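Rule-based calculations on the coordinates, nothing more; no lab input. Predicted model, so just to flag it, every value in this text is computed and none were measured.
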Amino acid sequence: MKAVLLTLCLVAVATSARAQTKLLLVADFESNDLSQLDTQQAQADSLSVVTAPVRAGKYAARTLLRASDPKVHGGQRAEFTDRKKTAIQMEKDYWYGLSVFIPSEFTAPTKTDAVIFQWHTQQGGPSPVLAIRVKSGEWKITSDAPEKRRTLAKLPIEKNRWTDWVVHARWSAEAKGFWTIWKNGAEVVKESGIITQYPETLGPYAKFGQYHSVDEVSQNVVYFDEYRVAGPHGSYEVVAPPGNIAP
């Protein structure tokens, strides 16, 4: 029995090591600070590290957006960005994983969308080319590539629990791109042969947090954990939050 357990442990360690080598970026906040990503925030406490709730490990990130917050880069936001941490290539596919916790007291905008997870153009084309948003009582997945915004899916929100997102995308300014999106292991968006990015040198960079106007409540809080990015050699299992079952 001990030999079997040892073998299983060694296999798990080897699998984890192989997965780590395929990752381009990890932001799991286990450093107990915000150093793994760049930030955009209005107040000193807009972004912080917490010990609960957490998706895995000991720490997660808390985003706080107040109605009184001044605008940052043209809007109210408390966001993390990987723009300076990755160099995303055009015509290549990438994998992204992120876990989001929407607490029961979160009040989503009804007039606009709260952008929670987005992929932003490098040089200012209409953005975001892909976004996971919240409006009223549902998730809303949209694309602004190449022109008029399209809604790709509307999904129910489950508050007070972690929602795991995995995105597989090829960034292309021609109709050669694709994206597939999973929510908690279930495929919710699948498109191919489409334009997914503007004709830029690099592909879009990712941001997550809260980007919206807070005008119906005094503040909103959302938690994030287990952000991972992998390139063409990645997979669902490589970027999905720990314990997430592959489809």
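Computed quantities for the displayed model
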| item | result |
| --- | --- |
| Rounded D (µm²/s) - region 82-216, Kirkwood Rh over Cα pairs, Stokes-Einstein at 25 °C, 0.890 mPa s | 162 |
| Karplus 3J(HN,Hα) series, Hz, for region 82-96 with 6.51 cos²θ - 1.76 cosθ + 1.60 (x for Gly, Pro) | 9, 4, 8, 9, 9, 10, 7, 8, 6, 6, 10, 9, 9, 10, 9 |
| The chain: most fluctuating residue of Lys148, Lys71, Lys58 per GNM, C-alpha cutoff 10 Å | Lys148 |
| Residue of Thr163, Thr151, Thr196 that the Gaussian network model of the chain assigns the largest fluctuation, springs spanning Cα pairs under 10 Å | Thr151 |
| Cα-only radius of gyration and Dmax that characterise region 58-113, units Å | 15.3, 42 |
| Percentage relative contact order, the chain, counting C-alpha pairs under 8 Å, at least six apart | 29 |
| Kirkwood-Stokes translational diffusion coefficient of the chain, alpha-carbon pairs, 4 °C, 1.567 mPa s, µm²/s | 70 |
